[in-house]
1. For residue 50, all conditions in the list (1) within 17 Å of the chain's Cα centre (by Cα); (2) surrounded by 12 or more Cβ atoms within 10 Å (Cβ to Cβ); (3) on the phi < 0 side of the Ramachandran plot; (4) touching a residue at least 24 places away in the same chain (Cβ under 8 Å) hold save one; what is the number of the exception?
2. Looking at the range 28-45 only, could you name the residues that are more than 8 Å from the chain's Cα centre (by Cα) and either at pLDDT below 90 or under 15 Å from residue 3 (Cβ atoms) (or both)?
3. Filter the range 92-131 down to residues that are surrounded by 13 or more Cβ atoms within 10 Å (Cβ to Cβ), touching a helix residue (DSSP H, G or I) at 6+ places or on another chain (Cβ under 8 Å) and either in a strand (DSSP E or B) or modelled with pLDDT of 65 or more (or both), then give me how many there are.
4. Specify the residue that is surrounded by the most Cβ atoms within 10 Å (Cβ to Cβ); the eligible residues are those in the range 1-47 that are touching a residue at least 40 places away in the same chain (Cβ under 8 Å) and out of contact with any helix residue (DSSP H, G or I) (no Cβ under 9 Å at 6 or more places or on another chain).
5. Determine whether the range 35-44 contains at least one residue that is over 18 Å from residue 102 (Cβ atoms), out of contact with any strand residue (DSSP E or B) (no Cβ under 8 Å at 6 or more places or on another chain) and in a helix (DSSP H, G or I).
6. Tell me, which residue of the range 53-91 that is under 15 Å from residue 28 (Cα atoms) and within 14 Å of the chain's Cα centre (by Cα) is surrounded by the fewest Cβ atoms within 10 Å (Cβ to Cβ)?
C-alpha cells in the first residue's frame, strides 16, 4: 500500500501568517511526509485567490530541491487556462529538478472555476481572450 499527501490549502492570514510563512509551512509538511515514509505529495492548481496554488510547478520545483525520494505531482493542472507549450516546459523542468520524481495529473475546468475573478469568461463558459 502506498500513501500520499494531497495539498489543497487555503490561506487565512490570521491562522497562516504571512504568505512566506504559509509556503514554508507546506514545505515543512512535505519534508515530514517524506521522513514518515509517504510515497507522494500532490499539489492542486486553482485560480481562486488564497486557495491552492496558482503555479504548482514552481512549488514542485522548490520541493524537489529539499527532498530526495518522495514523488511530486500536481493533483489538478488547469490546462484550459494555461499556454500548453509553457505548461509542458514547466513540468519538464520540474521533472528534471526532481531527478525524475514528477508524477502528472490533468484536469479540465469545472463550472465553479469559471466564477473566479482571476479567470474572465464569456457567458457560454469559454475562455475569454487576454486583454
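The values are calculated or read from the model by the stated rules, or taken from the named source; none is laboratory data. These figures come from a predicted structure and were not determined experimentally. Using ideal geometry, Cβ is built from the backbone for each residue, glycine included, and neighbour counts are taken over all protein chains shown.
1. (3)
2. Passing the criteria: 29, 30, 32, 33, 34, 35, 36, 37, 38, 39, 40, 41.
3. The total comes to 9.
4. So, considering only residues that are touching a residue at least 40 places away in the same chain (Cβ under 8 Å) and out of contact with any helix residue (DSSP H, G or I) (no Cβ under 9 Å at 6 or more places or on another chain), the one surrounded by the most Cβ atoms within 10 Å (Cβ to Cβ) is 8.
5. Looking through the range 35-44, at least one residue is over 18 Å from residue 102 (Cβ atoms), out of contact with any strand residue (DSSP E or B) (no Cβ under 8 Å at 6 or more places or on another chain) and in a helix (DSSP H, G or I).
6. Among those residues, the one meeting the criterion is 62.
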